[in-house]
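First comes the structure, then the notes that go with it.
Readers should treat all values here as calculations from the given coordinates under stated rules, not as data from a laboratory. Keep in mind the model is a prediction, meaning the values are calculated, not measured. FYI the Cβ positions are ideal-geometry reconstructions off the backbone, even for glycines, and counts take in every protein chain you see.
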């Protein structure tokens, strides 16, 4: 979450789509990530802001 927040704060920097996809893959590989609804919504809410 912290790295995603950083990307949002540094929107002017060159955060690549590849980096964001890698971060999303890391998130999805976490055990029970889909079962933590609040964190799931927070992650994808921030991700949508960055994109």
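Quick look at the numbers
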| item | result |
| --- | --- |
| Added length on full extension, which subtracts the Cα-Cα distance from 0.36 nm per residue, residue 48 to residue 2 | 15.1 nm |
| Where labels lie 7 Å past Cα in the beta-carbon direction, separation of residue 36 and residue 16 in nm | 2.7 nm |
| Residue order, fewest to most surrounding Cβ atoms within 10 angstrom, among 43, 32 | 32, 43 |
